[in-house]
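In what follows, a structure is listed as structure tokens, so that the remarks can point back to it.
The values are calculated or read from the model by the stated rules, or taken from the named source; none is laboratory data. Since the model is a prediction, treat every value here as computed from it, not as a measurement. So basically every Cβ, Gly included, is an ideal-geometry build from the backbone, and we count neighbours across all protein chains shown. What goes into the accessible areas is simple: the full protein's heavy atoms, side chains included, and nothing from ligands, DNA or RNA. Shrake-Rupley method; radii C 1.70, N 1.55, O 1.52, S 1.80 Å.
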Amino acid sequence: RMSRHAKKLRDHDINPCVAETDATTKCMNDNNYNKDLCTDYFLKYKDCRKFWHEIMMQRKRSGVKPEMPSAEERKKILESMG
């Protein structure tokens, strides 16, 4: 059974970087936890977190609720950016 915190991390509406998290974890598992072999995955995860954190902060400043766009909204935002 997953804890409430673990469930939140798996929720695509709450965590915009589930795919990056999973890819990083898979890389670490596949490479016997050698971080050096997974640098690209860590960078993608970090960039994802940074990007959506900035969006969240903009929405917070503008009074937009919820502060984190839903998975569907995020998809549209990314598509609009090309």
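Within the stretch 58-69, being part of a loop (DSSP other than H, G, I, E, B) and either loosely packed, with under 11 Cβ neighbours inside 10 Å or not β-branched (Val, Ile, Thr) (or both) holds for SER62, GLY63, LYS65, PRO66, GLU67, MET68, PRO69. Residue count for the stretch 1-22 under the criterion of being outside any helix (DSSP H, G or I), open to solvent by 90 Å² or more (accessible area, probe 1.4 Å) and not basic (Lys, Arg): the result is 2. Among the residues of the stretch 63-73, is any in contact with a Pro (Cβ under 6 Å, 6 or more places away or on another chain) and in contact (Cβ under 8 Å) with a residue 40 or more places away in the chain? No, the stretch 63-73 has no match at all. Are any residues in the stretch 58-82 under 15 Å from the mean Cα position of the chain (by Cα) and under 18 Å from LEU9 (Cβ atoms), and if so, which ones? If the condition is that a residue be under 15 Å from the mean Cα position of the chain (by Cα) and under 18 Å from LEU9 (Cβ atoms), then GLU67, MET68, PRO69, SER70, ALA71, ARG74 are the ones that fit. Within the stretch 27-57, being more than 16 Å from ASN15 (Cα to Cα) and loosely packed, with under 11 Cβ neighbours inside 10 Å holds for ASN29, ASN32, TYR33, ASN34, ASP36, THR39.
Can GLU72 be described as in a helix (DSSP H, G or I) and of a type in the set (Asp, Glu)? Yes; evaluated as a whole, the condition is true for this residue.
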